[in-house]
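Beneath this line is the structure, given in structure tokens, with notes to follow.
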Amino acid sequence: MTLIKSISGIRGTIGGGVGENLTPVDAVNYAAAYGTWIKMHRRKEHYKVVVGRDARISGEMIQNLVMQTLVGLGFHVVDVGLSTTPTVEMAVPMEHADGGIILTASHNPRQWNALKLLNPKGEFLSAADGQMVLDIADAMDFEFSEVDDLGRISLNQAYIELHIDEILDLPLVNKEAIEQANFKVVVDGVNSTGGIAIPRLLERLGVHAVKLFCDPTGEFPHNPEPLKEHLTDLSEAVVKERAELGIVVDPDVDRLAFICHDGEMFGEEYTLVACADYILSKKPGKTVSNMSSSRALRDVTRSYNQDYHASAVGEVNVVELMKETNAVIGGEGNGGVIYPELHYGRDALVGVALFLSLLAERRLTARDLRDSYPSYYMSKKKIELTPELDVDGILKTLADRYSKEEFSTVDGLKIDFEDHWVHLRKSNTEPIIRIYSEAGSQAQADEVAMNFIEEIQRLVNI
């Protein structure tokens with residue numbers, strides 16, 4: 001059982017002891033800290049926060065605790081119910097709210113949940129603001145409202161449709177071409193809110209959607225991280241239905257992956273690459289991804305004679321660099337597409353609309369499109385953190401060993417070799433070290449990752 005407090009929010013497993021897991025007490029404490037932080041920065045008479053959740057089983061309990069805590073602080077809470085992370089992000093500015101909370105543990109299994117915190121722009125908190133919320137939670141220095149000043153809760157379940165309205169109004173979403181293409185698509189909603197949002201979007205785009213695991217019960221039918229080994233049912237369904245495409249999202253719908261008509265993965269890393277290709281063909285400009293993402297985005301960006309930039313891992317870091325460089329598109333290689341014409345947040349719905357626009361305009365299959373891009377293969381491994389692991393010391397030793405190579409210590413340690421790279425860093429969301437590598441073949445990528453794991457193990461045993 002685990003509780004992880006970070007600048008990204010609070011994430012943990014349900015049940016167990018206070019301060020060790022995500023218990024009701026921890027949910028209340030952190031919600032109160034967030035509300036207190038808002039009051040410190042937004043001194044005004046009335047406060048408003050948008051709250052939504054994915055469909056996981058613990059969501060209703062955690063949401064009620066969070067909302068009633070905010071009511072106790074005098075907040076007006078807009079309950080958007082079962083929703084998606086990007087939908088809540090868009091609802092915050094639409095409501096002219098002071099912030100937002102999404103109750104979701106993203107790709108983590110069913111026993112996990114989390115509070116993701118947003119600023120008044122509907123974007124994730126900066127590192128400094130996130131740390132301030134943590135400090136307030138540790139101090140438990142809260143001032144709750146008296147009975148006549150308690151807040152209230154109002155329900156507004158229209159925001160998924162409003163989110164879709166905004167996507168369909170984007171100039172580069174080619175609704176006519178998509179409808180004329182007469183696509184048939186299988187959707188794996190992992191029995192969460194993607195099963196609500198993605199079919200609605202497809203219906204309004206004129207796409208025939210075959211639903212797979214789209215009942216938002218929170219009973220995930222497979223590991224909810226959209227990786228190849230978890231998507232055999234979707235692959236089989238795409239082939240059986242003779243569909244042009246399979247679409248899968250994670251439980252809160254900020255990550256997106258595709259299955260080609262032959263049942264093979266398009267490649268999660270290539271979701272952003274394809275969407276960027278489409279945007280760059282219409283509007284040249286800079287692109288951004290994090291340094292654990294594929295080199296393919298860099299290559300495609302350069303093919304349009306544009307500049308690519310890499311940020312530290314974490315959506316807030318990608319967004320910050322996108323704003324700094326005025327990037328036309330960016331995101332993360334885990335299937336997270338950020339299109340600033342809509343909003344600064346990873347958004348699987350806008351990713352679907354852009355990807356289908358690309359396929360429809362170029363009259364390509366997803367397989368043909370994938371084959372047109374540089375071929376890189378990624379290996380994603382991890383090492384469980386244990387007390388004897390001095391991660392910072394290990395990374396410094398490795399940096400010294402590979403000092404003749406091009407390397408960066410902006411976020412852990414990334415080493416760029418001529419034909420491959422490896423990135424080692426502590427996770428922000430799990431008690432692990434992530435080891436990502438990329439090379440020209442899957443075998444080489446796996447070998448690189450395993451070699452570094454073995455090297456770390458030898459260092460620990462010295």
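Per-structure values
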{"item": "Count of the range 170-183 residues which are of a type in the set (Asp, Glu) and not in a helix (DSSP H, G or I)", "result": "0"}
{"item": "When residues of the range 153-171 are limited to those that are surrounded by 12 or more Cβ atoms within 10 Å (Cβ to Cβ) and more than 23 Å from the chain's Cα centre (by Cα), the one farthest from Tyr47 (Cα to Cα)", "result": "Asn156"}
{"item": "Cross-chain or 6+ apart pairs with Cβ under 6 Å, the range 154-170 first and under 11 Å from Leu201 (Cβ atoms), then β-branched (Val, Ile, Thr) and part of a helix (DSSP H, G or I)", "result": "Ile160/Thr87; His163/Thr87; Ile167/Val350"}
{"item": "Enumeration of residues in the range 258-278 that are within 18 Å of the chain's Cα centre (by Cα) and not in a loop (DSSP other than H, G, I, E, B)", "result": "Phe258, Glu269, Tyr270, Thr271, Leu272, Val273, Ala274, Cys275, Ala276"}
{"item": "Which listed residue is of a type in the set (Phe, Trp, Tyr) and surrounded by 24 or more Cβ atoms within 10 Å (Cβ to Cβ), from Tyr34, Tyr47", "result": "Tyr34"}
{"item": "Asn29 part of a helix (DSSP H, G or I) and not β-branched (Val, Ile, Thr)", "result": "yes"}
{"item": "Residue among Met67, Met61 that is of a type in the set (A, V, I, L, M), in the same structural domain as Glu123 (by TED's automatic domain parsing) and either modelled with pLDDT under 95 or surrounded by fewer than 16 Cβ atoms within 10 Å (Cβ to Cβ) (or both)", "result": "Met61"}
{"item": "Looking only at the range 1-31, and only at residues there that are buried (at least 22 other Cβ atoms within 10 Å of the Cβ) and touching a residue at least 40 places away in the same chain (Cβ under 8 Å), the one that is farthest from Leu73 (Cα to Cα)", "result": "Gly12"}
{"item": "Residue check, Ile167 within 25 Å of Glu341 (Cα to Cα) and either touching a Phe, Trp or Tyr at 6+ places or on another chain (Cβ under 8 Å) or assigned to a helix (DSSP H, G or I) (or both)", "result": "yes"}
{"item": "Residue count for the range 26-46, restricted to those that are of a type outside the set (S, T, N, Q) and within 28 Å of Ile14 (Cβ to Cβ)", "result": "11"}
{"item": "Tally, over the range 35-72, of residues that are of a type in the set (D, E, K, R) and part of a strand (DSSP E or B)", "result": "2"}
{"item": "Given (1) closer than 25 Å to Gly333 by Cα; (2) in contact (Cβ under 8 Å) with a residue 24 or more places away in the chain; (3) of a type in the set (Asp, Glu), number of the condition Glu241 does not satisfy", "result": "(1)"}
{"item": "Residue in the range 436-453 that is in contact with a strand residue (DSSP E or B) (Cβ under 8 Å, 6 or more places away or on another chain), closer than 30 Å to Thr2 by Cβ, assigned to a helix (DSSP H, G or I) and of a type outside the set (A, V, I, L, M, F, W, C) present", "result": "yes"}
{"item": "Residue in the range 88-126 that is surrounded by the fewest Cβ atoms within 10 Å (Cβ to Cβ), counting only those that are in a loop (DSSP other than H, G, I, E, B) and of a type in the set (A, V, I, L, M, F, W, C)", "result": "Leu125"}
{"item": "Residue within the range 285-304 that is of a type in the set (Ser, Thr, Tyr), surrounded by fewer than 24 Cβ atoms within 10 Å (Cβ to Cβ) and part of a helix (DSSP H, G or I) present", "result": "yes"}
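Residues are listed down the side, and each one gets a yes or a no for (1) among the charged types (D, E, K, R); (2) closer than 20 Å to Leu234 by Cβ:
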residue: Ile259; (1), (2): no, yes
residue: Glu264; (1), (2): yes, yes
residue: Gly267; (1), (2): no, yes
residue: Ala276; (1), (2): no, no
residue: Ile279; (1), (2): no, no
residue: Pro284; (1), (2): no, no
residue: Ser292; (1), (2): no, no
residue: Arg295; (1), (2): yes, no
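The values are calculated or read from the model by the stated rules, or taken from the named source; none is laboratory data. On a predicted model such as this, the values are computed, not experimentally measured, just so you know. Glycine gets a Cβ as well: all are built from the backbone with ideal geometry, and neighbour counts include every protein chain shown.
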